[in-house]
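The values are calculated or read from the model by the stated rules, or taken from the named source; none is laboratory data. This is a predicted model, so every value here is computed, not measured. Heads up, the Cβs are rebuilt from the backbone with ideal geometry, glycines too, and the neighbour counts pull from every protein chain shown. For the accessible areas, the whole protein counts, side chains as well, though only heavy atoms, and no ligand, DNA or RNA atoms are used. Shrake-Rupley method; radii C 1.70, N 1.55, O 1.52, S 1.80 Å.
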Amino acid sequence: MSSRVQTSQLRAQFASALSRLYAAEVPLYRTLVEVSAEVNGELDATERVTAERHGAIRVGSPRELADVADLFAAFGMFPVGFYDLRDAPSPVPVISTAFRPIDSDELEHNPFRVFTSMLATSDRRFFSADLQARIERFLAGRQLFDPALTAEARRIADDGGTDNEGADRFVAAAVDAFALSREPIDRAWYDELSRVSAVAADIAGVTTTHINHLTPHVLDIDELYLRMTQRGVAMIDAIQGPPRGAGPDVLLRQTSFRALAEPRRFRDDDGSTSDGTLRVRFGEVESRGVALTPEGRKRYDTAMAAADPATVWDEFFPASYEEMATSGLAYYRGGDPSKPVVYEDFLPASAAGIFRSNLDSDARSDDTVGGADYTLSWMAGRIGHHIHDPYELYEKAASQ
Ligand code: OOG
Ligand code: NI
(Lines give C-alpha, C1' and ligand atoms only; values in the text may rest on other atoms or scores of the structure.)
(Ligands and ions follow the chains in the order given, each with its own letter.)
Protein backbone atom coordinates (compact mmCIF):
# COMPACT_ATOMS: atom_id res chain seq x y z
CA MET A 1 0.00 0.00 0.00
CA SER A 2 1.42 3.39 -0.90
CA SER A 3 0.69 6.33 1.37
CA ARG A 4 -2.13 8.84 0.87
CA VAL A 5 -1.63 12.17 -0.82
CA GLN A 6 -4.06 14.80 0.51
CA THR A 7 -5.63 17.43 -1.73
CA SER A 8 -3.36 20.14 -0.27
CA GLN A 9 -0.25 18.15 -1.26
CA LEU A 10 -1.77 17.48 -4.67
CA ARG A 11 -2.27 21.23 -5.09
CA ALA A 12 1.37 21.95 -4.22
CA GLN A 13 2.48 19.24 -6.68
CA PHE A 14 0.20 20.67 -9.37
CA ALA A 15 1.49 24.23 -8.85
CA SER A 16 5.13 23.21 -9.07
CA ALA A 17 4.59 20.91 -12.08
CA LEU A 18 2.79 23.73 -13.91
CA SER A 19 5.66 26.03 -13.03
CA ARG A 20 8.15 23.59 -14.58
CA LEU A 21 6.01 23.36 -17.72
CA TYR A 22 5.70 27.13 -18.05
CA ALA A 23 9.43 27.64 -17.44
CA ALA A 24 10.16 25.21 -20.27
CA GLU A 25 7.66 26.93 -22.58
CA VAL A 26 8.30 30.61 -21.71
CA PRO A 27 11.96 31.34 -20.91
CA LEU A 28 11.28 34.90 -19.67
CA TYR A 29 9.19 33.38 -16.88
CA ARG A 30 12.39 31.79 -15.57
CA THR A 31 13.98 35.24 -15.36
CA LEU A 32 10.96 36.58 -13.52
CA VAL A 33 11.07 33.76 -10.98
CA GLU A 34 14.81 34.28 -10.54
CA VAL A 35 14.52 38.02 -9.94
CA SER A 36 11.53 37.55 -7.61
CA ALA A 37 13.49 35.00 -5.56
CA GLU A 38 16.45 37.40 -5.46
CA VAL A 39 14.30 40.29 -4.14
CA ASN A 40 12.47 38.02 -1.67
CA GLY A 41 15.76 36.57 -0.45
CA GLU A 42 17.00 40.04 0.47
CA LEU A 43 13.80 40.63 2.44
CA ASP A 44 13.71 37.39 4.44
CA ALA A 45 10.57 36.11 2.73
CA THR A 46 8.88 33.06 4.16
CA GLU A 47 8.80 29.88 2.11
CA ARG A 48 5.11 30.42 1.43
CA VAL A 49 5.81 33.72 -0.31
CA THR A 50 8.57 32.41 -2.56
CA ALA A 51 6.66 29.27 -3.59
CA GLU A 52 3.44 31.16 -4.15
CA ARG A 53 1.96 31.43 -7.65
CA HIS A 54 -1.25 32.32 -9.38
CA GLY A 55 -2.09 31.30 -12.91
CA ALA A 56 -4.75 32.12 -15.48
CA ILE A 57 -6.71 30.10 -18.01
CA ARG A 58 -9.56 30.94 -20.38
CA VAL A 59 -12.40 28.71 -21.58
CA GLY A 60 -15.27 29.08 -24.01
CA SER A 61 -18.46 27.69 -22.53
CA PRO A 62 -20.27 26.86 -19.28
CA ARG A 63 -19.65 23.16 -19.97
CA GLU A 64 -15.91 23.77 -20.15
CA LEU A 65 -16.01 25.91 -17.01
CA ALA A 66 -17.90 23.12 -15.21
CA ASP A 67 -15.11 20.68 -16.15
CA VAL A 68 -12.53 23.14 -14.81
CA ALA A 69 -14.50 23.40 -11.55
CA ASP A 70 -14.54 19.60 -11.19
CA LEU A 71 -10.84 19.33 -12.00
CA PHE A 72 -9.75 22.03 -9.55
CA ALA A 73 -11.95 20.66 -6.75
CA ALA A 74 -9.59 17.67 -6.65
CA PHE A 75 -6.81 20.12 -5.73
CA GLY A 76 -8.94 21.75 -3.03
CA MET A 77 -9.50 24.83 -5.23
CA PHE A 78 -13.02 26.26 -5.25
CA PRO A 79 -14.62 29.17 -7.11
CA VAL A 80 -14.47 32.46 -5.20
CA GLY A 81 -15.94 35.72 -6.45
CA PHE A 82 -17.43 36.80 -9.76
CA TYR A 83 -15.67 39.29 -12.02
CA ASP A 84 -17.38 40.93 -14.99
CA LEU A 85 -14.61 42.30 -17.17
CA ARG A 86 -17.08 43.48 -19.80
CA ASP A 87 -17.73 46.50 -17.54
CA ALA A 88 -14.08 47.45 -17.14
CA PRO A 89 -12.73 50.72 -18.58
CA SER A 90 -11.16 48.61 -21.33
CA PRO A 91 -13.86 45.93 -21.78
CA VAL A 92 -12.90 42.28 -22.30
CA PRO A 93 -15.70 39.91 -23.45
CA VAL A 94 -15.35 37.49 -20.53
CA ILE A 95 -16.73 36.77 -17.07
CA SER A 96 -14.41 35.23 -14.53
CA THR A 97 -13.99 33.58 -11.15
CA ALA A 98 -10.92 32.51 -9.17
CA PHE A 99 -10.37 28.90 -8.10
CA ARG A 100 -8.47 28.82 -4.82
CA PRO A 101 -8.26 27.20 -1.39
CA ILE A 102 -10.77 28.71 1.03
CA ASP A 103 -9.66 27.69 4.56
CA SER A 104 -6.84 29.45 6.41
CA ASP A 105 -4.83 26.27 6.98
CA GLU A 106 -5.22 25.21 3.34
CA LEU A 107 -4.08 28.67 2.22
CA GLU A 108 -1.16 28.42 4.60
CA HIS A 109 -0.16 25.06 3.14
CA ASN A 110 -0.27 26.24 -0.47
CA PRO A 111 -2.33 29.18 -1.74
CA PHE A 112 -2.21 28.32 -5.47
CA ARG A 113 -5.05 30.02 -7.35
CA VAL A 114 -6.15 30.21 -10.97
CA PHE A 115 -8.03 33.18 -12.43
CA THR A 116 -10.44 31.54 -14.86
CA SER A 117 -12.35 33.36 -17.57
CA MET A 118 -15.21 32.25 -19.79
CA LEU A 119 -16.05 33.83 -23.14
CA ALA A 120 -19.35 35.77 -23.01
CA THR A 121 -20.59 34.51 -26.38
CA SER A 122 -24.17 35.69 -25.96
CA ASP A 123 -23.18 39.31 -25.42
CA ARG A 124 -24.39 41.09 -28.57
CA ARG A 125 -22.07 44.03 -27.97
CA PHE A 126 -19.25 41.74 -29.11
CA PHE A 127 -20.77 38.79 -30.98
CA SER A 128 -23.49 38.79 -33.63
CA ALA A 129 -26.05 35.97 -33.49
CA ASP A 130 -24.35 34.35 -36.48
CA LEU A 131 -20.86 34.50 -34.98
CA GLN A 132 -22.17 33.29 -31.61
CA ALA A 133 -23.70 30.25 -33.28
CA ARG A 134 -20.49 29.43 -35.16
CA ILE A 135 -18.35 29.85 -32.02
CA GLU A 136 -20.68 27.62 -30.01
CA ARG A 137 -20.63 24.97 -32.71
CA PHE A 138 -16.82 25.05 -32.71
CA LEU A 139 -16.71 24.79 -28.91
CA ALA A 140 -19.22 21.94 -28.85
CA GLY A 141 -16.87 19.95 -31.08
CA ARG A 142 -13.81 20.18 -28.87
CA GLN A 143 -12.91 18.42 -25.64
CA LEU A 144 -10.52 20.36 -23.39
CA PHE A 145 -10.32 17.63 -20.77
CA ASP A 146 -10.29 13.88 -21.25
CA PRO A 147 -13.50 12.58 -19.59
CA ALA A 148 -11.34 10.04 -17.74
CA LEU A 149 -9.40 12.94 -16.16
CA THR A 150 -12.60 14.66 -15.03
CA ALA A 151 -13.96 11.38 -13.63
CA GLU A 152 -10.70 10.81 -11.72
CA ALA A 153 -10.88 14.40 -10.40
CA ARG A 154 -14.39 13.77 -9.04
CA ARG A 155 -13.22 10.59 -7.36
CA ILE A 156 -10.24 12.30 -5.74
CA ALA A 157 -12.39 15.23 -4.58
CA ASP A 158 -14.88 12.80 -2.98
CA ASP A 159 -12.11 10.79 -1.29
CA GLY A 160 -10.10 13.86 -0.20
CA GLY A 161 -6.95 12.51 -1.86
CA THR A 162 -5.41 9.52 -3.60
CA ASP A 163 -2.39 7.23 -3.34
CA ASN A 164 1.14 8.18 -4.46
CA GLU A 165 1.03 6.65 -7.91
CA GLY A 166 -2.46 7.95 -8.56
CA ALA A 167 -1.28 11.41 -7.54
CA ASP A 168 1.66 11.45 -9.96
CA ARG A 169 -0.51 10.23 -12.81
CA PHE A 170 -3.30 12.66 -12.06
CA VAL A 171 -1.04 15.71 -11.72
CA ALA A 172 0.81 14.85 -14.95
CA ALA A 173 -2.46 14.47 -16.86
CA ALA A 174 -3.88 17.71 -15.42
CA VAL A 175 -0.72 19.67 -16.30
CA ASP A 176 -0.80 18.21 -19.80
CA ALA A 177 -4.25 19.68 -20.37
CA PHE A 178 -2.76 23.19 -19.95
CA ALA A 179 0.29 22.81 -22.22
CA LEU A 180 0.48 24.78 -25.45
CA SER A 181 -0.86 22.66 -28.30
CA ARG A 182 1.18 21.92 -31.43
CA GLU A 183 -2.02 21.34 -33.40
CA PRO A 184 -2.22 23.60 -36.50
CA ILE A 185 -4.54 26.61 -36.08
CA ASP A 186 -7.20 27.41 -38.70
CA ARG A 187 -5.88 30.77 -39.87
CA ALA A 188 -9.10 32.19 -41.37
CA TRP A 189 -11.15 31.33 -38.26
CA TYR A 190 -8.50 32.67 -35.89
CA ASP A 191 -8.24 35.91 -37.88
CA GLU A 192 -12.00 36.38 -38.00
CA LEU A 193 -12.21 36.08 -34.21
CA SER A 194 -9.18 38.34 -33.76
CA ARG A 195 -11.01 41.12 -35.56
CA VAL A 196 -13.68 41.02 -32.81
CA SER A 197 -11.36 40.40 -29.87
CA ALA A 198 -7.89 38.94 -29.41
CA VAL A 199 -9.19 37.15 -26.31
CA ALA A 200 -12.00 35.54 -28.33
CA ALA A 201 -9.41 34.24 -30.81
CA ASP A 202 -7.18 32.94 -28.03
CA ILE A 203 -10.13 31.11 -26.46
CA ALA A 204 -12.22 29.90 -29.39
CA GLY A 205 -9.75 30.02 -32.28
CA VAL A 206 -7.90 26.91 -31.11
CA THR A 207 -8.90 23.41 -30.01
CA THR A 208 -7.28 23.44 -26.55
CA THR A 209 -6.80 25.75 -23.59
CA HIS A 210 -3.44 26.71 -22.10
CA ILE A 211 -2.01 28.35 -19.05
CA ASN A 212 -1.49 31.93 -20.23
CA HIS A 213 0.65 33.17 -17.35
CA LEU A 214 1.98 32.11 -13.97
CA THR A 215 2.66 34.76 -11.41
CA PRO A 216 5.21 34.62 -8.60
CA HIS A 217 4.74 36.63 -5.42
CA VAL A 218 7.36 39.28 -4.67
CA LEU A 219 7.63 41.32 -1.48
CA ASP A 220 8.85 44.51 -3.14
CA ILE A 221 7.23 44.93 -6.54
CA ASP A 222 8.72 48.39 -7.16
CA GLU A 223 12.20 46.91 -6.74
CA LEU A 224 11.33 43.98 -9.00
CA TYR A 225 10.00 46.34 -11.69
CA LEU A 226 13.30 48.23 -11.59
CA ARG A 227 15.48 45.12 -11.78
CA MET A 228 13.50 43.60 -14.66
CA THR A 229 13.77 46.89 -16.55
CA GLN A 230 17.52 46.95 -15.88
CA ARG A 231 17.75 43.48 -17.39
CA GLY A 232 16.20 44.88 -20.55
CA VAL A 233 12.73 43.33 -20.17
CA ALA A 234 10.02 45.70 -21.39
CA MET A 235 7.42 45.83 -18.62
CA ILE A 236 3.96 47.41 -19.00
CA ASP A 237 3.86 51.14 -18.17
CA ALA A 238 2.54 50.89 -14.67
CA ILE A 239 2.03 48.75 -11.63
CA GLN A 240 -1.70 47.93 -11.46
CA GLY A 241 -3.69 48.39 -8.27
CA PRO A 242 -3.07 50.56 -5.23
CA PRO A 243 -0.16 53.00 -5.28
CA ARG A 244 2.49 52.65 -2.63
CA GLY A 245 1.23 54.84 0.23
CA ALA A 246 2.79 55.76 3.55
CA GLY A 247 0.73 53.05 5.24
CA PRO A 248 0.47 49.27 5.01
CA ASP A 249 0.13 47.54 1.63
CA VAL A 250 -3.47 46.70 0.84
CA LEU A 251 -5.09 44.25 -1.60
CA LEU A 252 -3.00 43.40 -4.63
CA ARG A 253 -0.37 45.13 -6.75
CA GLN A 254 0.67 43.51 -10.01
CA THR A 255 2.62 44.20 -13.15
CA SER A 256 3.46 42.24 -16.28
CA PHE A 257 5.55 41.99 -19.43
CA ARG A 258 4.53 40.78 -22.83
CA ALA A 259 5.83 37.41 -23.75
CA LEU A 260 7.74 37.06 -26.96
CA ALA A 261 6.05 35.75 -30.07
CA GLU A 262 5.83 31.95 -29.87
CA PRO A 263 6.08 29.76 -32.97
CA ARG A 264 2.77 28.12 -33.97
CA ARG A 265 1.57 26.08 -36.96
CA PHE A 266 -1.29 27.42 -39.07
CA ARG A 267 -3.60 25.73 -41.56
CA ASP A 268 -4.62 27.85 -44.54
CA ASP A 269 -7.79 27.71 -46.65
CA ASP A 270 -6.12 25.56 -49.31
CA GLY A 271 -5.33 22.93 -46.66
CA SER A 272 -1.59 23.66 -46.57
CA THR A 273 0.16 24.33 -43.28
CA SER A 274 2.71 27.04 -42.58
CA ASP A 275 4.65 28.47 -39.66
CA GLY A 276 3.68 31.64 -37.89
CA THR A 277 3.82 33.20 -34.46
CA LEU A 278 1.35 34.32 -31.81
CA ARG A 279 1.90 36.58 -28.85
CA VAL A 280 -0.64 35.45 -26.30
CA ARG A 281 1.26 34.38 -23.23
CA PHE A 282 2.98 36.63 -20.77
CA GLY A 283 4.67 37.04 -17.40
CA GLU A 284 3.23 38.73 -14.37
CA VAL A 285 4.34 39.35 -10.82
CA GLU A 286 2.29 40.33 -7.79
CA SER A 287 2.60 41.56 -4.23
CA ARG A 288 -0.20 41.10 -1.74
CA GLY A 289 -1.34 43.21 1.19
CA VAL A 290 -4.09 43.13 3.76
CA ALA A 291 -7.70 42.27 2.74
CA LEU A 292 -10.07 45.23 2.96
CA THR A 293 -13.56 45.17 4.51
CA PRO A 294 -16.47 46.36 2.33
CA GLU A 295 -15.98 49.81 3.90
CA GLY A 296 -12.25 49.75 3.10
CA ARG A 297 -12.99 48.58 -0.42
CA LYS A 298 -15.39 51.49 -0.94
CA ARG A 299 -12.58 53.85 0.01
CA TYR A 300 -10.20 52.02 -2.28
CA ASP A 301 -12.57 52.40 -5.23
CA THR A 302 -13.02 56.12 -4.49
CA ALA A 303 -9.28 56.72 -4.19
CA MET A 304 -8.64 54.81 -7.43
CA ALA A 305 -11.19 56.97 -9.27
CA ALA A 306 -9.01 60.04 -8.66
CA ALA A 307 -6.93 61.39 -11.54
CA ASP A 308 -3.77 60.42 -9.69
CA PRO A 309 -4.56 57.96 -6.87
CA ALA A 310 -1.03 58.24 -5.45
CA THR A 311 -1.48 61.89 -4.54
CA VAL A 312 -4.75 61.35 -2.63
CA TRP A 313 -4.04 57.89 -1.18
CA ASP A 314 -3.02 59.03 2.29
CA GLU A 315 -6.28 60.98 2.67
CA PHE A 316 -8.17 57.69 2.37
CA PHE A 317 -5.95 55.24 4.24
CA PRO A 318 -4.19 55.62 7.60
CA ALA A 319 -0.45 55.08 7.96
CA SER A 320 -0.41 52.21 10.45
CA TYR A 321 -1.86 48.74 10.93
CA GLU A 322 -3.21 49.89 14.31
CA GLU A 323 -5.27 52.65 12.75
CA MET A 324 -6.31 50.39 9.89
CA ALA A 325 -7.57 47.82 12.40
CA THR A 326 -9.38 50.27 14.70
CA SER A 327 -11.01 52.09 11.77
CA GLY A 328 -12.51 48.79 10.51
CA LEU A 329 -11.04 49.20 7.04
CA ALA A 330 -9.14 45.90 6.89
CA TYR A 331 -9.22 42.37 8.33
CA TYR A 332 -6.91 41.30 11.15
CA ARG A 333 -6.96 37.93 12.92
CA GLY A 334 -8.73 38.42 16.23
CA GLY A 335 -8.54 42.15 15.54
CA ASP A 336 -4.78 42.01 16.28
CA PRO A 337 -3.02 44.65 14.11
CA SER A 338 0.11 42.48 13.90
CA LYS A 339 -1.86 39.70 12.18
CA PRO A 340 -3.18 40.98 8.85
CA VAL A 341 -5.41 38.67 6.80
CA VAL A 342 -3.77 38.53 3.35
CA TYR A 343 -5.89 39.41 0.31
CA GLU A 344 -6.26 36.19 -1.70
CA ASP A 345 -8.38 37.41 -4.63
CA PHE A 346 -8.11 39.63 -7.70
CA LEU A 347 -9.17 43.14 -8.75
CA PRO A 348 -11.40 43.54 -11.80
CA ALA A 349 -9.91 46.82 -13.07
CA SER A 350 -6.37 45.49 -12.64
CA ALA A 351 -7.31 42.19 -14.30
CA ALA A 352 -8.72 44.05 -17.30
CA GLY A 353 -5.52 46.12 -17.37
CA ILE A 354 -3.42 42.94 -17.36
CA PHE A 355 -5.53 41.44 -20.16
CA ARG A 356 -5.31 44.64 -22.18
CA SER A 357 -1.62 45.21 -21.83
CA ASN A 358 -0.98 41.85 -23.41
CA LEU A 359 -3.18 42.27 -26.46
CA ASP A 360 -2.51 43.93 -29.77
CA SER A 361 -5.94 45.51 -29.92
CA ASP A 362 -9.01 46.19 -27.81
CA ALA A 363 -12.27 44.33 -28.29
CA ARG A 364 -14.53 45.77 -30.95
CA SER A 365 -17.93 46.33 -29.38
CA ASP A 366 -21.26 47.73 -30.53
CA ASP A 367 -22.64 49.75 -27.64
CA THR A 368 -26.05 50.27 -29.24
CA VAL A 369 -27.09 46.74 -28.23
CA GLY A 370 -27.46 45.30 -24.73
CA GLY A 371 -25.11 42.95 -22.91
CA ALA A 372 -26.24 39.47 -21.92
CA ASP A 373 -27.25 38.93 -18.34
CA TYR A 374 -24.39 36.88 -16.92
CA THR A 375 -24.45 36.86 -13.12
CA LEU A 376 -22.81 35.04 -10.24
CA SER A 377 -25.88 32.86 -9.69
CA TRP A 378 -26.10 32.06 -13.40
CA MET A 379 -22.47 30.94 -13.31
CA ALA A 380 -22.91 28.91 -10.10
CA GLY A 381 -25.95 27.15 -11.59
CA ARG A 382 -24.18 26.31 -14.83
CA ILE A 383 -21.06 24.88 -13.18
CA GLY A 384 -22.93 23.13 -10.37
CA HIS A 385 -20.66 24.56 -7.65
CA HIS A 386 -21.32 27.16 -4.98
CA ILE A 387 -19.33 30.34 -5.69
CA HIS A 388 -17.94 31.64 -2.41
CA ASP A 389 -18.26 35.24 -1.31
CA PRO A 390 -14.73 36.53 -0.59
CA TYR A 391 -15.93 38.78 2.27
CA GLU A 392 -17.44 35.81 4.10
CA LEU A 393 -14.11 34.00 3.87
CA TYR A 394 -12.17 37.03 5.19
CA GLU A 395 -14.68 37.50 8.06
CA LYS A 396 -14.15 33.88 9.00
CA ALA A 397 -10.35 34.16 8.82
CA ALA A 398 -10.43 37.31 10.97
CA SER A 399 -12.57 35.64 13.63
CA GLN A 400 -10.13 32.72 14.09
C1 OOG B 1 -6.32 36.94 -16.89
C2 OOG B 1 -5.88 38.33 -16.55
C3 OOG B 1 -6.15 38.65 -15.09
C4 OOG B 1 -4.82 38.94 -12.95
O5 OOG B 1 -3.83 38.60 -12.30
O6 OOG B 1 -5.51 39.91 -12.65
C7 OOG B 1 -5.14 38.15 -14.14
C8 OOG B 1 -6.01 36.51 -18.29
O9 OOG B 1 -5.22 37.18 -18.97
O10 OOG B 1 -6.56 35.48 -18.69
O11 OOG B 1 -4.52 37.14 -14.28
NI1 NI C 1 -2.66 37.21 -13.33
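Would you be able to say whether some residue in region 315-324 is over 22 Å from Phe355 (Cβ atoms), of a type outside the set (Asp, Glu), touching a strand residue (DSSP E or B) at 6+ places or on another chain (Cβ under 9 Å) and open to solvent by 50 Å² or more (accessible area, probe 1.4 Å)?
yes
Please find, within region 103-125, the residue that is farthest from Ala198 (Cα to Cα) out of those that are open to solvent by less than 40 Å² (accessible area, probe 1.4 Å) and more than 16 Å from ligand 1 (Cβ to nearest atom).
Ser104
Residue by residue through region 46-77, note down the ones that are surrounded by fewer than 20 Cβ atoms within 10 Å (Cβ to Cβ), of a type in the set (A, V, I, L, M, F, W, C) and modelled with pLDDT of 95 or more.
Ala66, Ala73
If you take the residues of region 332-358 that are within 14 Å of ligand 2 (Cβ to nearest atom) and open to solvent by 40 Å² or more (accessible area, probe 1.4 Å), which of them is nearest to Gly241 (Cα to Cα)?
Among them, the one singled out is Ala349.
Would you list the helices (runs of 4 or more DSSP H) that sit entirely within region 101-215 and hold 2 or more residues that are of a type in the set (Lys, Arg)?
In region 101-215, the matching helices (runs of 4 or more DSSP H) lie at 129-140, 147-159, 187-196.
Exactly one condition in (1) away from ligand 2 (no atom under 16 Å from the Cβ); (2) open to solvent by 10 Å² or more (accessible area, probe 1.4 Å) is false for Ser197; which is it?
Going through (1) away from ligand 2 (no atom under 16 Å from the Cβ); (2) open to solvent by 10 Å² or more (accessible area, probe 1.4 Å) one by one, Ser197 breaks only (2).
Which count do you get for residues in region 37-60 that are within 16 Å of ligand 1 (Cβ to nearest atom) and in contact with a helix residue (DSSP H, G or I) (Cβ under 6 Å, 6 or more places away or on another chain)?
Qualifying residue count for the region: 4.
Mind counting the residues in region 331-362 that are part of a helix (DSSP H, G or I) and away from ligand 1 (no atom under 16 Å from the Cβ)?
Qualifying residue count for the region: 3.
Please verify whether region 142-159 includes one or more residues that are of a type in the set (Ser, Thr, Tyr) and within 24 Å of the chain's Cα centre (by Cα).
yes
Checking the conditions here, which among Thr273, Thr293 is open to solvent by less than 50 Å² (accessible area, probe 1.4 Å), of a type in the set (S, T, N, Q) and away from ligand 2 (no atom under 16 Å from the Cβ)?
When all the criteria are applied, what remains is Thr293.
What residue, among those in region 212-234 that are within 23 Å of Val342 (Cβ to Cβ), open to solvent by less than 10 Å² (accessible area, probe 1.4 Å) and of a type in the set (A, V, I, L, M), is nearest to ligand 1 (Cβ to nearest atom)?
Only one residue fits best here, namely Leu214.
Being within 16 Å of ligand 2 (Cβ to nearest atom) and not small (Gly, Ala, Ser), is that true of even one residue in region 44-51?
no
Just the residues that are assigned to a strand (DSSP E or B), charged (D, E, K, R) and touching a residue at least 40 places away in the same chain (Cβ under 8 Å), please, taken from region 249-270.
Answer for region 249-270, where residues must be assigned to a strand (DSSP E or B), charged (D, E, K, R) and touching a residue at least 40 places away in the same chain (Cβ under 8 Å): Arg258, Glu262, Arg264, Arg265, Arg267.
Within region 61-69, does at least one residue satisfy the condition of being touching a residue at least 40 places away in the same chain (Cβ under 8 Å), within 12 Å of ligand 1 (Cβ to nearest atom) and within 13 Å of Ile383 (Cα to Cα)?
no
Quick check on this structure: which one of Gly283, Gly370 is at pLDDT below 95 and either aliphatic (A, V, I, L, M) or part of a strand (DSSP E or B) (or both)?
Gly283
Considering only helices (runs of 4 or more DSSP H) fully contained in region 1-75, which possess at least 1 residues that are closer than 26 Å to Ala120 by Cα?
In region 1-75, 62-73 are the helices (runs of 4 or more DSSP H) which contain 1 or more residues that are closer than 26 Å to Ala120 by Cα.
List the pairs whose first member sits in region 283-312 and is among the acidic types (Asp, Glu), whose second member is away from ligand 1 (no atom under 16 Å from the Cβ), and whose Cβ atoms are under 8 Å apart, counting only residues at least 6 apart or on separate chains?
If the second residue must be away from ligand 1 (no atom under 16 Å from the Cβ), the pairs left are Glu295/Gly328; Glu295/Leu329.
Of all residues in region 281-300, how many are among the hydroxyl-bearing types (Ser, Thr, Tyr) and farther than 30 Å from Ala198 by Cβ?
1
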